[in-house]
Amino acid sequence: MHVPPAKARLLAAVLLVVVVVAVSNPDSGRTVRWVSSGRTHPQPSTSAMSASSAGGAYLARLPKFDKAPPAHPVTAAESDGAPWISRVPTDQPVAFVTIDDGWVKHPEAAELVRESRVPVTLFLAVNAIQDNPAYFTTLQDIGAVIEAHTITHPKLRGQSYAFQKHEICDGADQLTELFGRRPTMFRPPFGEQDSTTLRVVRDCGMKAALFWKETVNRGRVQYQEARIVQPGDVILMHFREQFVDDFIAALEAIKAAGLTPARLEDYFP
C-alpha cells in the first residue's frame with residue numbers, strides 16, 4: 001500500500017514522541033517499555049540502576065587482606081577486676097574492628113561484612129537490638145561475634161554494684177538467650193568505667209572490658225596517638241547511617257598500617 005510521503009513523516013513523528021515519553025518516565029509505578037530494532041524491552045527504574053551501581057562501587061572499595069596469623073593468646077595479670085584493654089598486648093601485625101550499639105540497622109552491613117571477609121566484634125545494647133534481633137543473627141551467621149554492651153546504654157561510672165550488675169550481667173544473659181552464645185567481652189557505654197565496673201565484668205564471668213585506640217565516624221578515622229594504627233589496636237565504629245563509609249575507612253586504615261584484621265576473641269580464649 002502506497003503511503004504519501006507527508007503522511008509517512010507524520011506517523012514517524014508520532015511514534016518517536018511516544019517512545020521518548022515512555023523512556024523519560026521510568027519511575028511511574030508501572031513497567032515501562034522502550035522500543036529498539038522492532039523489539040520491546042523492560043526499562044529498569046532509575047532507583048534500581050543507582051542501587052546496583054552503588055553496591056558495586058562500595059564493594060570495589062574494600063581492601064583485600066591475607067588471612068590473619070594464628071593468634072598468640074594473651075594472659076591478663078591478676079587483679080580485683082577484669083582487664084581494661086584498648087590495645088591488645090601483641091606484637092603480631094593485627095588490629096581489631098569493633099562495632100557498637102545497634103540502633104541503626106544499615107541494609108548493606110551484612111553484605112559488606114561478608115564480602116570483606118574480615119572478623120568483626122559487635123558490642124550490642126539490648127534495647128537497641130530487641131526490635132530486630134534477626135538482623136544481628138544474620139551478621140552472626142557470617143562470622144561476627146556478639147559481645148555485651150549493657151541493656152539500656154547508661155553511664156556506669158559512679159553507679160552502685162547492683163545497678164551495674166543488672167546492666168552488665170543481665171544484659172549478657174539476654175544476649176545469650178537471643179543469640180545462643182554467652183558474651184565473654186564487655187564494652188561500657190561511652191567508654192566510661194570505674195573499679196566497680198571492672199569488678200562486675202569479672203564477676204559476670206567475662207574476660208575483659210574494652211576501650212579503643214581509634215574511632216571512625218562519617219568515613220574519617222580519629223587517632224589517639226600517632227596517625228597510624230598500631231599492632232593490637234582496637235578500632236571503634238558504630239551502627240550508623242554512614243556504616244559503609246566508616247567500615248571501609250577502618251579497613252583502609254588497617255591496610256595502610258600493614259596490618260590484618262583479626263578476631264578479638266582469639267586473643268582471650
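The values are calculated or read from the model by the stated rules, or taken from the named source; none is laboratory data. Remember, predicted model here, so these are calculated numbers, not experimental data. Here the Cβ is made from the backbone with ideal geometry for all residues, glycine too, and neighbour counts use every protein chain on show.
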Select from region 165-199 the residues that are of a type in the set (Ser, Thr, Tyr) and either part of a helix (DSSP H, G or I) or more than 19 Å from residue 268 (Cα to Cα) (or both) and list them in ascending order. 176, 195, 196, 197
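Every residue, every condition in (1) free of Cβ contacts under 8 Å to residues at least 60 places away in the same chain; (2) among the basic types (Lys, Arg), yes or no:
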{"position": "114", "(1), (2)": "yes, yes"}
{"position": "121", "(1), (2)": "no, no"}
{"position": "157", "(1), (2)": "yes, yes"}
{"position": "164", "(1), (2)": "yes, no"}
{"position": "180", "(1), (2)": "yes, no"}
{"position": "193", "(1), (2)": "no, no"}
{"position": "209", "(1), (2)": "no, no"}
{"position": "218", "(1), (2)": "yes, yes"}
{"position": "221", "(1), (2)": "yes, no"}
Taking region 225-235 as the search range and keeping residues that are assigned to a loop (DSSP other than H, G, I, E, B) and touching a residue at least 12 places away in the same chain (Cβ under 8 Å), which one is surrounded by the fewest Cβ atoms within 10 Å (Cβ to Cβ)? 225
Top-ranked residue in region 108-140 [being of a type outside the set (A, V, I, L, M, F, W, C) and either in a loop (DSSP other than H, G, I, E, B) or not assigned by TED's automatic domain parsing to the domain that holds residue 255 (or both); ranked as nearest to residue 167 (Cα to Cα)]: 130
How many of the residues in region 93-106 are out of contact with any Phe, Trp or Tyr (no Cβ under 9 Å at 6 or more places or on another chain) and either assigned to a loop (DSSP other than H, G, I, E, B) or not assigned by TED's automatic domain parsing to the domain that holds residue 228 (or both)? 1
